[in-house]
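Undergrad: Dumping the structure here so I can ask a few things about it.
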Number of protein chains: 2
Amino acid sequence: MLNPADDKLAAALPKGVLRPMAPAYLEEPRGRYFGKAGLIAAPRTTDEVAAVVKACAEARVGIVARGGGTGLVGGQIMAKGPAPLILSLERMTALRGIWPEENVLIAEAGMTLQAVRDAAEAQGRLFPLSLASQGSAAIGGCLATNAGGVTALRYGTARALCLGIEAVLPDGSVVHDLKRLRKDNTGYDLRDLLIGAEGTLGIITAASLKLVVPPPNVGVAMLEVPDPSAALSLLALAEAHMAGGVTAFELIGGQGLAFLAETLPEIRRPLPDAAWSVLIEVGLPAGLSPDEALERFLTDAMERGLLSDGMIAQSGQQADGFWHLREHIPEANRRIGAVASHDISLPLSEIAGFINDAGKALAARSDVRVNCFGHLGDGNLHYNIFPAKGRSRTEYDSQRTALSELVHEMVVARGGSFSAEHGVGRLKVGELERWGDPARISAMRAIKSALDPWGIMNPGAVLSQARGRDAGAGGPDKP
Amino acid sequence: MLNPADDKLAAALPKGVLRPMAPAYLEEPRGRYFGKAGLIAAPRTTDEVAAVVKACAEARVGIVARGGGTGLVGGQIMAKGPAPLILSLERMTALRGIWPEENVLIAEAGMTLQAVRDAAEAQGRLFPLSLASQGSAAIGGCLATNAGGVTALRYGTARALCLGIEAVLPDGSVVHDLKRLRKDNTGYDLRDLLIGAEGTLGIITAASLKLVVPPPNVGVAMLEVPDPSAALSLLALAEAHMAGGVTAFELIGGQGLAFLAETLPEIRRPLPDAAWSVLIEVGLPAGLSPDEALERFLTDAMERGLLSDGMIAQSGQQADGFWHLREHIPEANRRIGAVASHDISLPLSEIAGFINDAGKALAARSDVRVNCFGHLGDGNLHYNIFPAKGRSRTEYDSQRTALSELVHEMVVARGGSFSAEHGVGRLKVGELERWGDPARISAMRAIKSALDPWGIMNPGAVLSQARGRDAGAGGPDKP
C-alpha cells in the first residue's frame, strides 16, 4: 500500500515507529466505515509523536490518531480522500504517576480506560468514567471524544475529569500542561478545546486525571415506573433525598427487555414485564446504610405514585446482576440489528414529550420497533430504531435516512442535541453543518485554520474540509 | 473626554446605549489601576452589544467589557494605549428563564451573582457559586474570569456550572448556544474557550447555568489542626467519610485571626489562638444528621492525631458566625494593608512543604508577616505578605517585586500556578509570559489572532499586544 510519497515520509519518521498494516486499523465497531492508510505509525514517546506530526506537516499528509478504535461515529476511520497516516497510541501506555493523597493520576493516551480504573483502584481510589467499551477504549480517545457513560450524572463527562493535558499540536510543537491543580486561571482553556475536538486540532499524548475516594456505602436498585415522566419526577426526588449522591440513573425501555429475552435469555431480568424501568445507583457517606436510604426514598416515591414496583439489591452480586442487564442492552441491540441509532440529548423537561411524539411519528411513518434507553439523569437517550418482528433491516435501507432525519428534527426542535456523547466524527458532519449555530461553526473553522493551517489533523472529521486545503490534496504553498 | 474619532464612533452606535462618563467605570477594587475610556456604552440587548462591537471593529477601537468591576487583576481597566470603549453589561440583567425541574437557569450577563443565587433559591434550588463579592460581581464577569470561591471543592469553578453561552464575537457575530443540556458533543468547546478568556475573545451576553437541589442536611464545624499537613490529612479523611459531601474546606492561618482581632474585634473567633484552623461545611443526604456525621468524623480524626480542638455549629446562626469570620479575613487584610498578595494553587501534596519553605525564605529576606488562608480543598491559597507590626507598607515598596517573585518562583517550582482563581488580567501578563508553556502561549496567540484579528477585545489583557496590531493604534489595513 506504500506509494512513493509514503516512502519519502517513512524515511523521515523516527526509526522503529512504523507498524505493519493490519485490517484492525481500518475498521470501526459498527462496520459502517472501512478506512485506508498510507502508513501506520506507533510512536513510543511524545517526542516521537511530535516527530511524526512534523514529518506529516512537512509532507502535507493527513494524520488520523487512533486509540482503542471504539468510537461510534467514524472519527478513527478515513475512507475518502488521500490515504492518511494512522498514528496509533498503542505503545504509549505508561502510568506516569499516581498521587492518591491528591486524587490525581497521570496516564499516557494509549492506556485503556480499564487500566486507568485499575491503577486508581490499586491505590484505593476511583476513576469514575465508566463505559461499556472500557476494556479497549484508550483514555486519549475518551478525552478526544469527551466520552460520557453511566456515571456522568454525578462525576461529569471525560472533560470534567481532566486536570491537564500534554498534546502535540499540528505544527509538531508540544503543549506541556500536565498540572495536578484543581484551579488554574492562567489563560485560554486549551485543554477543553482539545478535549472533544476528536483529533482535529492536535493529539493528546497524556493527561492528568481527577480521582475520587470511593463512596463508603453504595446501593443499587431496579425500579419499575409507570412512564418516562414518572421516571423524571423520580430522578428529581432522588436528588432531593441523596444530596448529590445519585451516581447513575439509567432508563430501560420495555423493548430493551424484550430484545434481551429474545437474544440473551440467560441474562436475568428482575422486572421482566416493565414497560419502563430505572436502574439507580447511589453512593453515600459513612453512617448511612444504602438500604435505609433507598427504602426511605422508595417509600416517598410510592406515596407520590411514581413507582409501581422495585427491588433493592441485597448483595454486591445482585447489584452486579442489575448492571449486567443494563450493560447488555447494546449487545442485544446488535443481535437484533438496528435500522438507525441515535445518541441524543434533550432538556429534561422535554424528554417525556419527545418519547411520546417521536414514537407516534415513527409509527405513522413506518413499521418499526423503538428501543429507547440510556442516561436519563443527563437527558441522554439512545433512541434506536429496529425492524418490525420478522422483517430484516435491509428492507428498511431506503427509509433509513428519512427516519433519522425525523428523529433529529424532533430533537433539535425541542432544544436537544443530535450527538450527546459520541461526537461528530465523520458520521454527523452534515448534521453539524445543518443544525449548528452559524457563528459557532465559523469560529470553529477559524480556530481550525489557525492551529492546523494545512488541515492535516483528522481531515474531514467534525468539519467538512475547505476546498483546496485538503491534506495531501495540494493546498496552498508553504508559508 | 470625547475626541473626534469617538464622535464618529458614537454616531455609529445604537441610540440610547451611551452612558455619561463616571469615575466608577475607571476604577478597580484594590486601587491599583485607574483606567481611561473614550466612551461608555451600556447596551440593553444582545443585538445592541453586537452593534457596538461591529462599530468598534470598523473603527478599530478597543472594547473593555465590564460586569460588576470586582476583578482583582486589572482585567476590567485599561490604563495604557488608546482609550477604549467601555462596554458595561449593567442594563442586561434579565432572568431569561428558570426550569427548576431541569436544574437550569438562563441569566443575562449583567445579573449579579447574588441575583442569580436568589432566583434559584426562590424556586427551591441552589446556584452554588459563592464569592465574597457576589453582591456586585456580575455573572458574565464570573464566567469571563472562571471565578472560583468557597464551594469549588464540591461544585467546581464557574466553568463547571455553565451549560451554554450566548456571546458576541469580535466581528459582531452572535453565538447562540444557550442549551439546557448536560451532554452535547457537537464540535469544539467554544463555551470553555470564552470562559476564562477575560473578554479577550468575545463578550458573553447570557449563560445557561446549572442549579442543584440543596442538600437536605448541612453541617458546619470549625476545627483546630496542628499544622497544614494535618489539615490535608483531615481533608482526605473527610472525603473518605462524606462521599463527595464536603462542600467547603477552608484553611485559616493564625495570622488571619490576629488581624481580625486587631482590626475587626467585634467578630467572634471561636478558636482564638489556633495557629491553624479549618472551616468545614458538609451537605448530606436525608436520613443522616450532620451532627452525627461530623461527630463520627471528628472522633476518627482525633484518634489519628489530626485535630487538637473543634466545634460543631449547633445552630444556623452559629454556622453563619463561623462563615462570617472566614469571609472577613480579606477585609481585615485590607485594613492592615498588604505589601503583596498572591492567589496561588499547588498540588495538594506540595502545600505543607511550600508553606514551610516560603515562610522561611521570606523571613530570611525581609521583616514581614504572612497571612496564608484559602480554599485548601482546591489547593488554592491566598498567600499575602504584610508589613511587620508598627511598619508601613510603603516602607516595602522597593522589595515588593522581589518578594512576589520569590513566592511565585517557589510555587512554579512545585508545579503550582501563579493565578489560581483571579485570572491574568493586566496584572499577571508578565508572569504568564515568563512561566507559561511556550507552545500553549503560541496556540493562545494563534486563537486570539484568528478570532480577533484587529485586537479590539480587551487589548493588553491576558496576552501582551503584538506590535502594530494594537486596537486604535494603526494596525494592518482592513481585509
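The values are calculated or read from the model by the stated rules, or taken from the named source; none is laboratory data. Worth saying up front: this structure is predicted, and the values here are computed from it rather than measured. Counting neighbours? That spans all protein chains shown, and the Cβs are built from the backbone with ideal geometry, glycine included. Accessible surface is based on the protein model in full, side chains and every heavy atom, while ligands, DNA and RNA are left aside. Shrake-Rupley method; radii C 1.70, N 1.55, O 1.52, S 1.80 Å.
Undergrad: Those residues that are closer than 16 Å to B:S349 by Cα and away from chain A (no Cβ under 14 Å), I need them from the stretch B:403-425; list them, please.
TA: B:M410
Undergrad: Before we move on, is B:I351 under 22 Å from A:E102 (Cα atoms) and assigned to a helix (DSSP H, G or I)?
TA: Yes; evaluated as a whole, the condition is true for this residue.
Undergrad: Run down B:A147, B:A138, B:A132, B:A206 and say which single residue is more than 8 Å from chain A (Cβ to nearest Cβ) and under 27 Å from A:R414 (Cα atoms).
TA: Selected residue: B:A206, the only one of B:A147, B:A138, B:A132, B:A206 that is more than 8 Å from chain A (Cβ to nearest Cβ) and under 27 Å from A:R414 (Cα atoms).
Undergrad: Name the strands (runs of 3 or more DSSP E) wholly inside the stretch B:202-265 in which the number of residues that are hydroxyl-bearing (S, T, Y) is 2 or more.
TA: Where strands (runs of 3 or more DSSP E) fall fully within the stretch B:202-265 and carry at least 2 residues being hydroxyl-bearing (S, T, Y), they are B:203-210.
Undergrad: So which residues in the stretch B:23-60 are part of a loop (DSSP other than H, G, I, E, B), closer than 19 Å to B:I456 by Cβ, at pLDDT below 95 and in contact with a strand residue (DSSP E or B) (Cβ under 9 Å, 6 or more places away or on another chain), if there are any at all?
TA: B:G35, B:A37, B:G38 - these are the residues of the stretch B:23-60 that are part of a loop (DSSP other than H, G, I, E, B), closer than 19 Å to B:I456 by Cβ, at pLDDT below 95 and in contact with a strand residue (DSSP E or B) (Cβ under 9 Å, 6 or more places away or on another chain).
Undergrad: For B:A115, work out the one condition from (1) of a type in the set (G, A, S); (2) at pLDDT 95 or above; (3) within 20 Å of B:P20 (Cα to Cα); (4) under 25 Å from the mean Cα position of the chain (by Cα) it doesn't fulfil.
TA: (3)
Undergrad: Related question: Against the conditions (1) more than 9 Å from chain B (Cβ to nearest Cβ); (2) surrounded by 24 or more Cβ atoms within 10 Å (Cβ to Cβ); (3) closer than 28 Å to A:V73 by Cβ, where does A:E198 fall short? Just the number, please.
TA: Status for A:E198: all satisfied but (1).
For (1) within 14 Å of chain B (Cβ to nearest Cβ); (2) over 30 Å from B:A286 (Cβ atoms); (3) without any contact (Cβ under 8 Å) to a residue 60 or more places away in the chain, each residue gets a yes or a no:
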{"position": "A:A243", "(1), (2), (3)": "yes, no, yes"}
{"position": "A:V246", "(1), (2), (3)": "yes, no, no"}
{"position": "A:F249", "(1), (2), (3)": "yes, no, no"}
{"position": "A:G254", "(1), (2), (3)": "no, yes, yes"}
{"position": "A:F259", "(1), (2), (3)": "no, yes, no"}
{"position": "A:E262", "(1), (2), (3)": "no, yes, no"}
{"position": "A:I267", "(1), (2), (3)": "no, yes, no"}
{"position": "A:A275", "(1), (2), (3)": "no, no, yes"}
{"position": "A:V278", "(1), (2), (3)": "no, no, no"}
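Undergrad: Here's something else I'd like to know. Could you please find all residues in the stretch A:172-186 being in contact with a Phe, Trp or Tyr (Cβ under 9 Å, 6 or more places away or on another chain) and either open to solvent by less than 20 Å² (accessible area, probe 1.4 Å) or more than 7 Å from every other protein chain (Cβ to nearest Cβ) (or both)?
TA: A:T186
Undergrad: If you scan the stretch A:34-63, which residues turn out to be in contact with an Asp or Glu (Cβ under 8 Å, 6 or more places away or on another chain) and open to solvent by 40 Å² or more (accessible area, probe 1.4 Å)?
TA: Once the filter is applied, which keeps residues that are in contact with an Asp or Glu (Cβ under 8 Å, 6 or more places away or on another chain) and open to solvent by 40 Å² or more (accessible area, probe 1.4 Å), the stretch A:34-63 yields A:F34, A:K54.
Undergrad: OK, next. Does B:G283 satisfy the criteria of being on the phi > 0 side of the Ramachandran plot and either buried (at least 17 other Cβ atoms within 10 Å of the Cβ) or of a type outside the set (A, V, I, L, M) (or both)?
TA: Spelling it out, it is not the case that B:G283 is on the phi > 0 side of the Ramachandran plot and either buried (at least 17 other Cβ atoms within 10 Å of the Cβ) or of a type outside the set (A, V, I, L, M) (or both).
Undergrad: Let me ask another. Restricting to the stretch B:88-105, name every residue that is surrounded by fewer than 22 Cβ atoms within 10 Å (Cβ to Cβ) and either in a helix (DSSP H, G or I) or under 21 Å from the mean Cα position of the chain (by Cα) (or both). Reasoning before the result, please.
TA: Keep residues of the stretch B:88-105 that are surrounded by fewer than 22 Cβ atoms within 10 Å (Cβ to Cβ), which gives B:90-91, B:93-101.
Within the stretch B:88-105, B:E90, B:T93, B:P100, B:E101 meet the criteria.
Undergrad: Can we say B:E198 is part of a loop (DSSP other than H, G, I, E, B) and under 21 Å from the mean Cα position of the chain (by Cα)?
TA: Answer is yes for this residue.
Undergrad: Looking for whichever is under 24 Å from A:L279 (Cα atoms), under 21 Å from the mean Cα position of the chain (by Cα) and open to solvent by 10 Å² or more (accessible area, probe 1.4 Å) here; the options are A:L161, A:L129, A:L153. Which one fits?
TA: None of the others qualify; the one that does is A:L153.
Undergrad: Right, something else. Is it the case that the stretch A:245-256 has a residue that's of a type outside the set (D, E), closer than 24 Å to B:V213 by Cβ and open to solvent by 20 Å² or more (accessible area, probe 1.4 Å)?
TA: no
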